[in-house]
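The values are calculated or read from the model by the stated rules, or taken from the named source; none is laboratory data. In this text, all values refer to a predicted model and were calculated from it rather than measured experimentally. Cβ coordinates were reconstructed from backbone atoms using ideal geometry, including for glycine residues, and neighbour counts include every protein chain displayed. For accessibility, only protein heavy atoms count, side chains too; no ligands or nucleic acids. Shrake-Rupley method; radii C 1.70, N 1.55, O 1.52, S 1.80 Å.
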Amino acid sequence: MTSTHAVPPAYPVTVPAPPEEAVAPLMRGIAVLRGLTDVGGAASLSDLGRATGLARATVDRVAGTLAHMGYLRLDGSSAVLEPRLMELGNAYLGALRLPDLLGGHADGLADELDESVSLAVADGDGIRFIHQAIRRRTLSLSFRIGDLLPAERTAPGPLLATEWSAQDWTRWRERQALDPEDLGFPAIPPRSHGAVAEDFETRVERARVHGWAMDDQLIETGLVAVSVPVRAPDGRIACVASTVSHTSRHSADSLRDSLLPRLRAAVAAMERDLADADAPPSETRSVPSGLAAWTRESKQELGGEFIASLARGLTVITAFGEGCAELTLSEVAERTGLPRATARRALITLEHLGHVTAHGRVFRLTPRVLALGFPPLSRTTLARIAHPHLTALTRRVQESTSLAVLMGDDVQCAVSVAAGRIMDADIVVGSRMPAYATSTGRVLLAGLPAEECSSRLAHLRMGALTPRTVTRPADLRTILDHVREEDYALVDGELEAGLRSIAVPVRDREGSLVAAINVTMHSSRRSAAECVKAVLPELRATAVRTEMDLHLAGRFVRVPPL
Ligand code: PHB
């Protein structure tokens, strides 16, 4: 996500000409988002121009509009995808419901087997992941939600291909001819041998007969997987569950003998839950309220640099979600506040690009919505999410800022943004400091469950780091009570003479405390009271922005702190 890769040339594909009513700026915006996704979430604007075939001036306007929407950030002459973009993939996954209904079973199975477990759906002649319970100890690649793999090099592929139409098979054969090395699948190493294509049809027939399929190192040496279809009550495949291992632990035979029965049992439980699932309450709230006003203001503010039709078109995707998986044109117009004609053209464009399908009068999102940023963004961490917000905070308050997590009795710095003064607080990422004497540490200790907090304090060794350091557990306990009440901590000269810092909590979607952010300054710069008056509101606003991103990113993905 942070490095800027060159954009590889796209493999040659035959794309049908867009319908006359397609919205060209929406197509360009999606090309930019997909180009950025394929190279890992960051690229220079000139590389993006090359990859998309768009003129540099166009790329600049598209990127500027996407930045204004909060979907990417411009970093010098590079564009970097932002977590906010995940609202598009979240709309698809929410509408699909499978991650919410089946994700718990997949996670439970991963714990039971101590192997990664995934759920995947068909996307054209590929498979796309919609859930991942990852065990990080194999030497192999691990895939993330939204990653697309060629069906013939996977275990779920042959199962999903049992439902392919003649048109799907034709498309698959065309791709074999056009992209023999799988360059259109940036998540996997290029294919180096030709055997895969020949036996795929045999594997599909075997999958149809046995009801399971295997990937014996088709993606990468060492990577083995076995898959079973999860069927909806109507008998069609809702998704495919896989368990993935490494040849150092399982051969293909032992995977089948020891893991397949347990995978099948978990899939049976998934199918029961699918059959018992109540229809979700239908969602009537109209989504993004004030879109029309926002678009008008943006246009006024940015003039020709803001492409309103691109913003409106992408907003159509967010009209879908849990409880509104299928929408008519009128419903899309109503929920977005867009004129019917505008919503209609956006839907036609999205359908042409494969992000929406029409079924009679209703429209649905497709798994390809995940190609708009999900794979790189679902690899993000809280530290990456917080970094741009702390950079902005440092710019506003002209002081150093950091984010820390609790590690035993210490806090560990995960992000540090220096203000660039000579007398700067020198906090190095990865460094540890005693929690009892730091503002972030006190926020994090205060947020522990009462019992754990008491037992920590009971054994804590609190040395005097300066003459001001609070060293009596009873005093610290009183301080932590205040921190809990006020929801911030201020530490003045207790860690180092002359150093003052103020911290607030960062909480995840469930309301659990996951980190603390702080501003550190020299005591001579302002009084403690001024610090509370002037810095604390800015710090709190930064926590809110960080949490908004974290909650969006954490809807379907586990976001680790580091
Ligand atoms: C995975 O979940 O990472 C996975 C699943 C099926 C495969 C390969 C990898 O064939």
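A few remarks follow.
- Note on the stretch 327-368: residues that are β-branched (Val, Ile, Thr), in contact (Cβ under 8 Å) with a residue 60 or more places away in the chain and touching a helix residue (DSSP H, G or I) at 6+ places or on another chain (Cβ under 9 Å) amount to 2.
- Exclusive hit being within 14 Å of the ligand (Cβ to nearest atom), more than 18 Å from the chain's Cα centre (by Cα), surrounded by fewer than 24 Cβ atoms within 10 Å (Cβ to Cβ) and in a helix (DSSP H, G or I), set Ala122, Ala110: Ala110
- Boolean, Gly53 is open to solvent by 20 Å² or more (accessible area, probe 1.4 Å), away from the ligand (no atom under 16 Å from the Cβ) and over 30 Å from Pro281 (Cβ atoms): yes
- The criterion of being closer than 16 Å to Ala155 by Cβ and out of contact with any strand residue (DSSP E or B) (no Cβ under 6 Å at 6 or more places or on another chain) holds for Leu218.
- Residues that are in a loop (DSSP other than H, G, I, E, B), touching a helix residue (DSSP H, G or I) at 6+ places or on another chain (Cβ under 8 Å) and among the aliphatic types (A, V, I, L, M), drawn from the stretch 430-486: Leu448, Leu460, Met462, Leu465, Val470
- Number of the condition not met by Gly40 [criteria: (1) in contact with a Pro (Cβ under 7 Å, 6 or more places away or on another chain); (2) over 23 Å from Arg345 (Cα atoms); (3) of a type outside the set (D, E, K, R); (4) part of a helix (DSSP H, G or I)]: (4)
- Residue in the stretch 374-381 that is within 29 Å of Arg56 (Cα to Cα), within 24 Å of the chain's Cα centre (by Cα) and without any contact (Cβ under 8 Å) to a residue 40 or more places away in the chain present: no
- Criterion applied to Thr243, Thr284, Thr295, Thr247 was being modelled with pLDDT under 95, within 26 Å of Ile145 (Cα to Cα) and β-branched (Val, Ile, Thr), and the one residue passing it is Thr247.
- Residues satisfying the stated conditions in the stretch 331-368, i.e. closer than 16 Å to Tyr92 by Cα and either aliphatic (A, V, I, L, M) or in a loop (DSSP other than H, G, I, E, B) (or both): Val332, Leu347, Leu350, Leu353, Gly354, His355, Val356, Ala358, Val362, Leu365, Thr366
- Test: residue in the stretch 379-399 that is assigned to a helix (DSSP H, G or I), open to solvent by less than 10 Å² (accessible area, probe 1.4 Å) and farther than 22 Å from Pro537 by Cα: no
- Annotation: Asp60 fulfils all but one of (1) within 30 Å of Val224 (Cβ to Cβ); (2) buried (at least 17 other Cβ atoms within 10 Å of the Cβ); the unmet one is (1).
- Which numbered condition Leu159 misses (of (1) among the aliphatic types (A, V, I, L, M); (2) more than 30 Å from Thr380 (Cα to Cα); (3) open to solvent by 30 Å² or more (accessible area, probe 1.4 Å); (4) within 13 Å of the ligand (Cβ to nearest atom)): (3)
- Here is the figure for the stretch 125-143: residues that are in contact with a Leu (Cβ under 9 Å, 6 or more places away or on another chain), among the polar types (S, T, N, Q) and surrounded by fewer than 22 Cβ atoms within 10 Å (Cβ to Cβ) total 2.
- Among (1) closer than 25 Å to Ala392 by Cβ; (2) in contact (Cβ under 8 Å) with a residue 40 or more places away in the chain; (3) outside any strand (DSSP E or B), the one test that Ala414 misses: (3)
- Total residues in the stretch 144-156, condition within 8 Å of the ligand (Cβ to nearest atom) and either open to solvent by 20 Å² or more (accessible area, probe 1.4 Å) or assigned to a helix (DSSP H, G or I) (or both): 2
- Of residues in the stretch 481-525 being open to solvent by 50 Å² or more (accessible area, probe 1.4 Å) and among the basic types (Lys, Arg), the one nearest to His389 (Cα to Cα): Arg507
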